[in-house]
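The values are calculated or read from the model by the stated rules, or taken from the named source; none is laboratory data. Bear in mind that the values here come from a model prediction, so they are computed numbers and not experimental data. Cβ placement follows ideal geometry from the backbone for every residue including glycine, while neighbour counts extend to all protein chains displayed. SASA here: full protein model, heavy atoms, side chains in, ligands and nucleic acids out. Shrake-Rupley method; radii C 1.70, N 1.55, O 1.52, S 1.80 Å.
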Amino acid sequence: MEKRYIQFSPPDISDAEIEEVAATLKSGWITTGPRTKLLERRLAAFIESGRVDIDCDREDAYKKYSNRVVCLNSATAAEELNFRLLGVREGDEVIVPAYTYTSTASAVVHCGAKVVFVDICKDGDTFSHMPQMDYAKLEAVITEKTKAIVAVDLGGIVCDYDKIYEIVNRKRDLFKPMDKHDNPYDDLSSRIQAAIGRVAVVADSAHSLGASRVVGGVRRYCGDIADFTSFSFHAVKNFTTAEGGASTWRDIEGINNEEIYHQYQLYSLHGQNVDAMAKSRIGSWEYDIVGPWYKCNMTDIMAAIGLRQLDRYPMLLKRRRDIIEKYDAMCDELGVMHMCHYTDGVESSGHLYLTRIPSVSDEVRREIIVGLADMGVNTNVHYKPLPMMTAYKSIGWDIKDFPQAYDYYANLITLPLHTKLTDDDVDYIITVFKEVVSRYLPERTAQ
Ligand SMILES: Cc1ncc(COP(=O)(O)O)c(C=O)c1O
């Protein structure tokens, strides 16, 4: 068998994206502008309907899908701005799974609030094996200080939001909306907290654009499930704008979406009340700074990539599903535990394929990763739990208190899963994985 070199997650960029970027560069408008606004409307339409073919320049669609999604320069910025909109600040607590990427927690720290980690269930969710929070533990750590919980739709699999909403509603009496008197910028956030009236459900859907789940008996796409959601369009994601991300939210009774959208614009553009497009009109030089805020907007060059990626996205999701089905068959044959992306009521975006090699230690897992790499197959580990990281250890967290997160991590290997893989590449990965992993499996499964 001839050796191949399999990259872990290269971007899938076609001529369509390249041509749209070139057209943007030639257009005279390269920062936040018409392409970013169109991408926002098209993402809103996709989140609502799962469709990428709605003409969002048509008058009715233009109105319907404006002020629903905000494109930004990363998911990390989107997460932080979601918390800012929610008024999360010093003295507050936000519950975060111990099993996630740092942004889920660091965005909380940026707002001055305390991160409260929760362990995952043993071997993850019963059906999908996604490393989902232990919901009994989650309920137990909700206090009067809790302002939000973050559910991470890891690898593209949507969490059990029915359960999460049930918990936050049950704990409604503990929730205390913020007092706005000490901060002139908090008016909207205090109205949002009062209107939601319970701990906010925030989704980290960095991996999960296009994923869906039946929630409350209705199929809903990520972005239309939690109170506030963030997406990542980083280069390794299913859908990319090189760097990039977006925020979205569900309707909040009594609060105008235009007001929420406007606040995101202020937060992401220095607190400047007139954006670059408006300022560029002849004679329109004057602006005010209404808050000392941040700079994390998306450019039209990034949005150009996104517009053409979105056209291709259904096809990209389908290709991921085809590869996942082959990996599932391989793992089932070997007796290797794996995430199940398509289960009753859940349709994943197929972002990551996590496998767990039975009965091996962290050391042996590392050896397997080297064995695969020697054969040209580049794998990864998602994730080393946050209580193992210096940043979180130094503020008092200890992995000993998160035994299920450690257990899940210790024998985990993430396989390459992307749309640049040919069928031959997939067959090669399967052959190599079987060969290398079989050396470490108990006799029964090795045969
Ligand atoms: C679960 C999760 N959340 C957030 C992020 C941050 O995304 P970004 O790089 O767009 O800020 C990532 C990035 O990989 C992630 O995996």
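Could you list, in sequence order, all residues of the stretch 96-116 that are within 16 Å of the ligand (Cβ to nearest atom) and out of contact with any helix residue (DSSP H, G or I) (no Cβ under 6 Å at 6 or more places or on another chain)? Give the derivation first.
Initially, the stretch 96-116 is screened for residues within 16 Å of the ligand (Cβ to nearest atom), giving 96-111, 115.
Matches in the stretch 96-116: PRO97, THR100, TYR101, THR102, THR104, SER106, VAL108, VAL109.
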Worksheet item: Do you know which residues across the stretch 179-224 are within 16 Å of the ligand (Cβ to nearest atom) and either in a loop (DSSP other than H, G, I, E, B) or surrounded by fewer than 22 Cβ atoms within 10 Å (Cβ to Cβ) (or both)?
Response: SER205, ALA206, HIS207, SER208, LEU209, GLY210, ALA211, CYS222, GLY223
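Under 24 Å from ASP407 (Cβ atoms), among the aromatic types (Phe, Trp, Tyr) and either surrounded by 18 or more Cβ atoms within 10 Å (Cβ to Cβ) or more than 17 Å from the chain's Cα centre (by Cα) (or both) - does that describe any residue in the stretch 145-167?
No, every residue in the stretch 145-167 fails to be under 24 Å from ASP407 (Cβ atoms), among the aromatic types (Phe, Trp, Tyr) and either surrounded by 18 or more Cβ atoms within 10 Å (Cβ to Cβ) or more than 17 Å from the chain's Cα centre (by Cα) (or both).
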Practice prompt. Give me the pairs, please: first residue somewhere in the stretch 45-65 and basic (Lys, Arg), second residue anywhere and open to solvent by less than 100 Å² (accessible area, probe 1.4 Å) and at pLDDT 95 or above, beta-carbon distance under 7 Å, and either six or more positions apart or on two chains.
Written response: ARG51/ALA45
Worksheet item: For the stretch 233-256, what are the residues that are under 20 Å from VAL346 (Cβ atoms) and open to solvent by 10 Å² or more (accessible area, probe 1.4 Å)?
Response: LYS237, ASN238, ARG250
Item to complete: Can you work out which of the residues in the stretch 126-144 that are within 18 Å of the chain's Cα centre (by Cα) and open to solvent by less than 40 Å² (accessible area, probe 1.4 Å) is farthest from the ligand (Cβ to nearest atom)?
Response: SER128
Practice prompt. State the number of residues belonging to the stretch 370-386 that are within 16 Å of the ligand (Cβ to nearest atom) and in a helix (DSSP H, G or I).
Written response: 1
Response to the item:
Per the filter on the stretch 308-318, residues in contact (Cβ under 8 Å) with a residue 24 or more places away in the chain and either open to solvent by 50 Å² or more (accessible area, probe 1.4 Å) or within 19 Å of the chain's Cα centre (by Cα) (or both) are ARG308, GLN309, LEU310, ASP311, TYR313, PRO314, LEU316, LEU317
Discussion item. Can you list the helices (runs of 4 or more DSSP H) lying wholly within the stretch 234-337 that have 2 or more residues being small (Gly, Ala, Ser) and more than 16 Å from the ligand (Cβ to nearest atom)?
Written reply: 276-279, 300-334
Discussion item. List pairs: first residue in the stretch 328-356 and under 14 Å from GLY155 (Cα atoms), second residue in a strand (DSSP E or B) and open to solvent by 30 Å² or more (accessible area, probe 1.4 Å) anywhere in the structure, Cβ distance under 6 angstrom, at least six positions apart or on different chains.
Written reply: VAL346/ARG213
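Residues of the stretch 336-381 being among the hydrophobic types (A, V, I, L, M, F, W, C), under 30 Å from GLY50 (Cβ atoms) and open to solvent by 20 Å² or more (accessible area, probe 1.4 Å), which ones?
Taking the stretch 336-381 as the starting set, the residues that turn out to be among the hydrophobic types (A, V, I, L, M, F, W, C) are 336-337, 339-340, 346, 352, 354, 357, 360, 364, 368-370, 372-373, 375, 377, 381.
So of that shortlist, the ones also under 30 Å from GLY50 (Cβ atoms) come out as 337, 339-340, 346, 352, 354.
Passing the criteria: MET337, CYS340.
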Fill in: Residues within the stretch 357-380 that are in contact (Cβ under 8 Å) with a residue 12 or more places away in the chain, among the β-branched types (Val, Ile, Thr) and out of contact with any helix residue (DSSP H, G or I) (no Cβ under 8 Å at 6 or more places or on another chain), tallied
2
Discussion item. Suppose we keep only residues that are touching a residue at least 40 places away in the same chain (Cβ under 8 Å) and in a helix (DSSP H, G or I) within the stretch 116-163. Which one would you say is farthest from THR229 (Cα to Cα)?
Written reply: LEU138
